[in-house]
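Q: Quick one: this structure, given as structure tokens, is what I'll be asking you about.
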Amino acid sequence: MRTFGCQMNVHDSERISGLLDEAGYLPVEAGATPDLVVFNTCAVRENADNKLYGNLGHLKPVKDANPGMQIAVGGCLAQKDQGLIVAKAPYVDVVFGTHNVGSLPVLLERARVENEAQVELLESLEVFPSTLPARRESTYSAWVSISVGCDNTCTFCIVPSLRGKEEDRRPGDVLAEVEVLVAQGVLEVTLLGQNVNSYGRSFGDREAFGKLLRAAGRTGLERIRFTSPHPRDFTDDVITAMAETPAVCPSLHMPLQSGSDDVLRRMRRSYRSERFLGILDRVRAQIPDAAITTDIIVGFPGETDEDFQRTLDVVAASRFAGAFTFQYSTRPGTPAADYPDQVPPAVVAERYQRLVALQEQISYEQMQGLVGRTVEVLLSQGEGRKDGPDQMTGRARDNRLVHLPRIDGARPGDVVTVEVTGAAPHYLRALQGPVRRTRAGDAWEAGTRPSTPGVNLGMPRIGAPA
Ligand code: SF4
């Protein structure tokens with residue numbers, strides 16, 4: 001299973017793994033040649049195509065040497081390229097899309113029996129991926145999707161054309177899944193949606209997301225996170241729900257994309273910098289220690305020096321804990337790809353360096369402000385490049401990365417309370433502290449591969465014909 005792209009793809013890959021488990025597949029042993037390779041692809045950036053076709057090219061000789069091997073391609077790039085994938089790589093057996101994840105096992109069988117590539121994609125959702133069984137990567141944290149698709153039309157984004165219009169899961173389905181996870185010992189859940197703040201619009205409840213946070217906070221979960229919010233729909237009831245629900249972590253990822261109102265208008269982001277800064281002020285008024293991160297695109301078509309200076313000004317005023325920064329790249333099929341005034345790559349790269357330098361300084365100053373604090377860390381697996389006999393890594397409640405000396409007997413999934421002793425722009429250093437061993441830690445130690453049954457309360461899908 002190779003997964004590219006966003007958390008939504010990671011979530012879907014866990015469902016694909018759950019489906020394959022049920023169909024009798026087992027994860028391949030390290031170093032062995034798999035009978036099946038599945039690519040769950042991303043289509044957000046131009047490089048995404050190169051990544052897939054490059055990987056497929058490397059796989060051809062392996063498949064030639066193992067004719068029984070099957071190759072399947074799913075996800076956003078499959079939804080975009082469809083039959084083109086088989087035209088470019090005729091040794092691919094199955095192409096499936098973002099709307100029919102559940103059909104993979106059947107398509108694999110059909111390809112084997114008919115000895116012919118199967119290309120099957122739908123234009124709208126078949127079933128919510130959350131109704132499918134999942135094989136989760138982690139014993140202590142889980143992704144729970146609350147909606148799929150997006151009703152926005154940001155001009156640089158291809159997601160709406162590949163994942164369709166927004167469809168919301170019923171709150172009851174979401175909470176049922178959260179309760180199953182809590183019963184399995186999961187401590188942390190991340191609620192997923194392309195735009196979590198418009199959750200509930202389809203069933204006429206504009207405050208549904210705030211209510212969902214409060215309800216999830218009553219399930220026994222220790223940590224609740226969510227992504228992605230949208231500044232246009234981010235309402236005060238959500239801020240109050242975050243502040244009044246102890247399980248909701250004081251971390252917020254709020255994509256800004258640009259500080260220039262002209263650029264935001266051309267991106268069709270439906271908010272302006274004043275509103276964005278106002279939200280941050282209201283969040284900090286109720287949650288003073290909130291760690292706020294963001295996404296920023298540099299070099300959007302038509303971006304002038306003045307526009308970019310506005311971005312630097314808003315970043316300086318926002319005091320983000322961190323930022324994912326991107327150099328704009330044209331994405332065929334998006335309106336912005338045909339905009340005039342594409343910014344020269346050298347100009348984009350120069351601006352990008354200036355933005356990164358500014359944010360790096362701000363992140364570092366923010367981290368330094370935490371030295372001497374006592375923080376609670378959920379130990380994780382695989383997040384620290386230097387993790388090993390001497391070091392462990394985990395996440396504080398504000399989602400900051402914390403490295404600490406290895407503690408005998410402590411496992412990923414356990415919770416440790418530590419004192420912060422040092423800071424770097426992207427992580428904190430801490431001393432050892434008391435460990436709270438958890439069931440998630442026990443499951444990790446036992447080598448359990450956590451699975452979650454698909455949750456489907458059988459209620460008709462919102463908006464689907466009854
Ligand atoms: S909100 Fe905009 S950027 Fe995000 S998924 Fe929707 S269209 Fe894309």
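The values are calculated or read from the model by the stated rules, or taken from the named source; none is laboratory data. These figures come from a predicted structure and were not determined experimentally. We place every Cβ from the backbone using ideal geometry, glycine too, and count neighbours over all the protein chains shown. We work out accessible area using only protein heavy atoms, side chains counted, and drop any ligands, DNA or RNA first. Shrake-Rupley method; radii C 1.70, N 1.55, O 1.52, S 1.80 Å.
Q: Do you know which residues across the range 159-175 are free of Cβ contacts under 8 Å to residues at least 60 places away in the same chain and among the hydrophobic types (A, V, I, L, M, F, W, C)?
A: Val174, Leu175
Q: Look through Val62, Val113, Val73, Val106 and report the one residue that is open to solvent by less than 70 Å² (accessible area, probe 1.4 Å) and either touching a Gly at 6+ places or on another chain (Cβ under 7 Å) or more than 23 Å from Cys6 (Cα to Cα) (or both).
A: Values: Val113 fails: open to solvent by less than 70 Å² (accessible area, probe 1.4 Å); Val73 fails: either touching a Gly at 6+ places or on another chain (Cβ under 7 Å) or more than 23 Å from Cys6 (Cα to Cα) (or both); Val106 fails: open to solvent by less than 70 Å² (accessible area, probe 1.4 Å).
After applying the criteria, what remains is Val62.
Q: Let me confirm something: among Ser329, Ser363, Ser318, which residue is surrounded by 14 or more Cβ atoms within 10 Å (Cβ to Cβ), in the same structural domain as Ser251 (by TED's automatic domain parsing) and modelled with pLDDT under 95?
A: Ser329
Q: Inspect the range 207-228 for any residue being touching a Leu at 6+ places or on another chain (Cβ under 7 Å) and either within 16 Å of the ligand (Cβ to nearest atom) or at positive phi (or both) and give the result as yes or no.
A: yes
Q: Might you check whether a residue that is without any contact (Cβ under 8 Å) to a residue 60 or more places away in the chain and either open to solvent by less than 20 Å² (accessible area, probe 1.4 Å) or in a loop (DSSP other than H, G, I, E, B) (or both) occurs anywhere in the range 176-185? Working first, answer last.
A: Keep residues of the range 176-185 that are without any contact (Cβ under 8 Å) to a residue 60 or more places away in the chain, which gives 178-179, 182-183.
Pick out the ones that are also either open to solvent by less than 20 Å² (accessible area, probe 1.4 Å) or in a loop (DSSP other than H, G, I, E, B) (or both) and you get 178.
Yes: one or more hits.
Q: Which residues, counting only those in the range 288-306, are surrounded by fewer than 20 Cβ atoms within 10 Å (Cβ to Cβ), charged (D, E, K, R) and in contact (Cβ under 8 Å) with a residue 12 or more places away in the chain?
A: Across the range 288-306, the qualifying residues are Asp289, Asp295, Glu306.
Q: Mind checking which residues of the range 236-260 are farther than 23 Å from Val182 by Cα, away from the ligand (no atom under 16 Å from the Cβ) and not in a helix (DSSP H, G or I)?
A: The answer is Gly259, Ser260.
Q: Shifting gears a bit: Is there a residue in the range 34-47 that is modelled with pLDDT of 95 or more, open to solvent by 60 Å² or more (accessible area, probe 1.4 Å) and not aliphatic (A, V, I, L, M)?
A: So far as the range 34-47 goes, yes, one or more of its residues are modelled with pLDDT of 95 or more, open to solvent by 60 Å² or more (accessible area, probe 1.4 Å) and not aliphatic (A, V, I, L, M).
Q: If you check Val356, Val348, Val343, which single one turns out to be over 21 Å from Pro425 (Cα atoms) and touching a strand residue (DSSP E or B) at 6+ places or on another chain (Cβ under 7 Å)?
A: Numbers: Val356 fails: over 21 Å from Pro425 (Cα atoms); Val343 fails: touching a strand residue (DSSP E or B) at 6+ places or on another chain (Cβ under 7 Å).
Unique residue meeting the criteria: Val348.
Q: Can you pull out the residues in the range 158-175 that are assigned to a loop (DSSP other than H, G, I, E, B) and within 16 Å of the ligand (Cβ to nearest atom)?
A: Listed by number, the residues that qualify are Ile158, Gly164, Lys165, Glu166.
Q: Please work out which residue is modelled with the highest pLDDT, limiting yourself to the range 261-290 and to residues that are within 16 Å of the ligand (Cβ to nearest atom) and among the hydroxyl-bearing types (Ser, Thr, Tyr). Let's see the steps before the verdict.
A: Kept after step one, since they are within 16 Å of the ligand (Cβ to nearest atom), are these residues of the range 261-290: 263-272, 275-276, 279.
Checking the rest, the ones that are also among the hydroxyl-bearing types (Ser, Thr, Tyr) come to 270-271.
Working: Ser270: 94, Tyr271: 97.
Among them, the one singled out is Tyr271.
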